[in-house]
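One structure below.
The values are calculated or read from the model by the stated rules, or taken from the named source; none is laboratory data. Bear in mind that the values here come from a model prediction, so they are computed numbers and not experimental data. Note that we place each Cβ from the backbone using ideal geometry, even for glycine, and neighbour counts take in every protein chain shown. The accessibility values were calculated without ligands, DNA or RNA, using every heavy atom of the protein model including side chains. Shrake-Rupley method; radii C 1.70, N 1.55, O 1.52, S 1.80 Å.
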There are 2 protein chains.
Amino acid sequence: MTQKGTLLSFRPDIKVVDATIRDGGLVNNFYFEDDFVRELYKTNIKAGVDYMEFGYKASKELFNVNEFGDWKFCDESSIRRIVGDNDTDLKIAVMADVGRTDYKNDIIDKKDSVIDIIRIATYINTIPAAVEMIEYCHAKGYETSINIMAISTSNTGDIEQALELLGQSNVDVFYIVDSYGSMYPEQIRTISEMYIRIAEKYGKKVGIHAHNNQQTAFANTIEATACGVSYLDATMLGMGRGAGNCALEALLGFLKNPKYNIIPALKFVQTKMLELKKQGLVWGYDIPYLLTGLLNQHPRTAIAKIAENDTDYTSFYRDIWDREN
Amino acid sequence: MTQKGTLLSFRPDIKVVDATIRDGGLVNNFYFEDDFVRELYKTNIKAGVDYMEFGYKASKELFNVNEFGDWKFCDESSIRRIVGDNDTDLKIAVMADVGRTDYKNDIIDKKDSVIDIIRIATYINTIPAAVEMIEYCHAKGYETSINIMAISTSNTGDIEQALELLGQSNVDVFYIVDSYGSMYPEQIRTISEMYIRIAEKYGKKVGIHAHNNQQTAFANTIEATACGVSYLDATMLGMGRGAGNCALEALLGFLKNPKYNIIPALKFVQTKMLELKKQGLVWGYDIPYLLTGLLNQHPRTAIAKIAENDTDYTSFYRDIWDREN
C-alpha cells in the first residue's frame, strides 16, 4: 500500500461529509425537527465539516409524502428554510437513488438551488442509468458523486468495468460503499487502491461510506484515508440504518487538519443526539448486525430482530445462514 | 507489511484467549458466580477457544480478600472447583502483575496446578522484575507471556530494548497491549512488525490485547493477525474495563480455522452476558472512552464520568485536555 500522509500530518484534500440527516433518516423516516436540522447545520459550520447531506431527492410519485419527513424529498424550499442562501463554506449535498428519483422534474438548475452536490446511489447493474443521471446533474451545474452500493456482493471485475465506464463520465467522486458493513480493513485497502488507480486515470476523487456492523466503520474509514481516499462520510453518534456509520465525532478527533474542531460535534451529540436515543430511536452496533455483516447480507433481518427485542442470537444466526445456503 | 495468510485461509498457529473473567472482573470486582464461570468454561471448550484466563494471582497481603471475588486471587482450589483436573484441550491462564503478586508463595509447581500459562503484566520500567517472575514461573514448569502495558505512552526505542532483554529470557509470548485503546490499525501494523521481528529472532510468539475506546479493538486485533500475531485476546460481548475488549463472538466469526465455532459463544452471550448487562454492569464503547483514547490517557476519568451518568462531553474533553497540557 502506498500511504498518503502520516498520523501526524494533515491532508488538505480531505473533505468530511456529514450524512446524519440522510442515513439517520432511515432510522426515523426522515422526521427530524427543523430545530435539530438547523442546529446540526450550525454545528457543521463550526466544526469545519465540508459537506452536509440533507437527505434524499425521492420521487413523490413513488413515495407518499404523508409517510415521510421532509428530508426524504429535500425540496428546495425545505433546505432554504434551514440555510437561507447558505452564505457559508459548508456545501450542501443530497442523495438521488437511481430508479427512485424523478430527477428531470425535481432537480432544478444549480443557479436556482442551494444544493452543491448530487450524490447518485446505484447498484452495479444500473450503471448506464446512473451515468444518465450524472450527465443530467452535471449539465444542470452540480458537482456529482457516484455511490455504488453493496459492492461486497459484486464481482471485482464488474466493479472495475463500472469504474472505467464512470471514469469517462462527468462524475467528480467515486464512492466506496460498504452497505452491509461486511468489509475488513484489509479489504478496504485493496478496494481503495483499485478505486484510486482508476480515479487518478480519469481525474476523479474517491470517497468512502462505511457501516458499523462489525465495529469497523471508523477503522475502515481511517484506513481508506491512509490509502488516499479523501471524501469521508460520517454521522453524529454514528446514526444510520442498523448498526449505523462512522461516528463524526471520532473522525473529527482523528483528523489532524487544523480546520476541524471536535468540540461543536461533542456539544451536538450531548444536547441533540442523546435526546433522540431517549426518544427511543435505535441504531448502533449490536450482535444481529455483527452476524449479517459477517455473512455479507443486507441488515434488514437484523433490524427486524432488534425491533422485536429478540435476543435469541443462535436461532437468528441459523436462520440467516440458511438464507445463504 | 508482509501478510501472513489471507481472508480465506486459516492459520494453525493462532490461539484464541478468552479473557472475560480477568478483564471483565475489573468491571465487577471479580464477583462472578460459579455457575457463570463454569458455563463459560464449557462454552470455551465447545467454541474451540485455546486458553481461558481465570483472573489475577493478586497478593493477599496487598488486597483484602473480602473486597473482591475469588478471581482476583485465583487460588488453585477456586479454579479446580470449576475445572476439576481440566481433562480438556482448553488451557488455563492467570495474570500476575509485577509488584502486586506474592508469586514466591502463590505460584506453586506446575505439576500440582491446573494452570498452564502465567501471563506477567508489567510496565516498561519494571522489566527486570518481570524477567525475574518469568524465570521463576518458567522454572516451576509454566508457559509464560509478558504483557507490557501502556506501550502507547512509551518510547519505541525503549520498547525495542525491553523486547531484546525479554528475548533472552525464557518467556514464550510477547504481548502487544493497547491499554488505553489509543492505537489505530496503522500503528498496530508497525508495532506488530517490530514485535514479530524481535520475537522471531529469539523464537518467541506474539499476542495482542486490544481495547475498544475508539471502536478499534476488533479491527486492531484482526490487523495484528494479518501481520502474523497469533495469540489473540478477546472477551464475551467485549466485557472489560471501560470500553472493553475485542468481542470474542466477533473474533470467532472472523477466523477461518475450522476448530472455532461461534454458536456456543452466541449462546453464552444471549443467556449469560445480557444478564450481566441487565444487572446493571456497565462496559463498552461510549464517548468519554473515545476521548481518553484519542488523548492517549488512562480511562479512569472516563469510567468515573460514566458512573456519574454525566454526559457533559465538552467539559470532560476540556478537563482531560488540561491534564495533558
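Of note:
- Comparison of A:ASN213, A:ASN220 shows that the only residue that is in a helix (DSSP H, G or I) and either within 12 Å of chain B (Cβ to nearest Cβ) or open to solvent by 10 Å² or more (accessible area, probe 1.4 Å) (or both) is A:ASN220.
- Candidate set from segment B:226-239 (those that are buried (at least 24 other Cβ atoms within 10 Å of the Cβ) and hydroxyl-bearing (Ser, Thr, Tyr)); member that is farthest from B:GLN270 (Cα to Cα): B:TYR231
- Unmet criterion (only one of (1) more than 14 Å from chain B (Cβ to nearest Cβ); (2) surrounded by fewer than 20 Cβ atoms within 10 Å (Cβ to Cβ)) for A:GLY5: (1)
- You will find that of A:ILE127, A:ILE148, the residue that is farther than 25 Å from A:LEU294 by Cβ and at pLDDT 95 or above is A:ILE127 and no other.
- The listed residue being under 17 Å from the mean Cα position of the chain (by Cα) and away from chain A (no Cβ under 14 Å), out of B:GLY203, B:GLY167, B:GLY207: B:GLY207
- Restricting A:VAL65, A:VAL83, A:VAL27 to residues that are at pLDDT 95 or above and either under 19 Å from the mean Cα position of the chain (by Cα) or open to solvent by less than 10 Å² (accessible area, probe 1.4 Å) (or both) narrows the list to A:VAL27.
- Residue ranges of strands (runs of 3 or more DSSP E) in segment B:78-186 with at least 1 members without any contact (Cβ under 8 Å) to a residue 60 or more places away in the chain and touching a Leu at 6+ places or on another chain (Cβ under 7 Å): B:143-148, B:173-177
- Every residue from segment A:255-294 that is closer than 18 Å to B:ILE263 by Cα and in contact (Cβ under 8 Å) with a residue 60 or more places away in the chain: A:TYR289, A:LEU290, A:THR292, A:GLY293, A:LEU294
- B:ILE320, sole failed condition from (1) touching a residue at least 60 places away in the same chain (Cβ under 8 Å); (2) more than 9 Å from chain A (Cβ to nearest Cβ); (3) open to solvent by less than 20 Å² (accessible area, probe 1.4 Å); (4) assigned to a helix (DSSP H, G or I): (1)
Table: residues versus (1) buried (at least 23 other Cβ atoms within 10 Å of the Cβ); (2) over 18 Å from A:GLN214 (Cβ atoms); (3) among the charged types (D, E, K, R).
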| residue | (1), (2), (3) |
| --- | --- |
| B:LEU255 | no, no, no |
| B:ILE262 | yes, no, no |
| B:GLY280 | no, yes, no |
| B:LEU291 | yes, yes, no |
| B:THR311 | no, yes, no |
| B:PHE316 | no, yes, no |
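- Selection status of A:PRO258, more than 12 Å from chain B (Cβ to nearest Cβ), of a type outside the set (D, E, K, R) and under 29 Å from B:THR235 (Cα atoms): no
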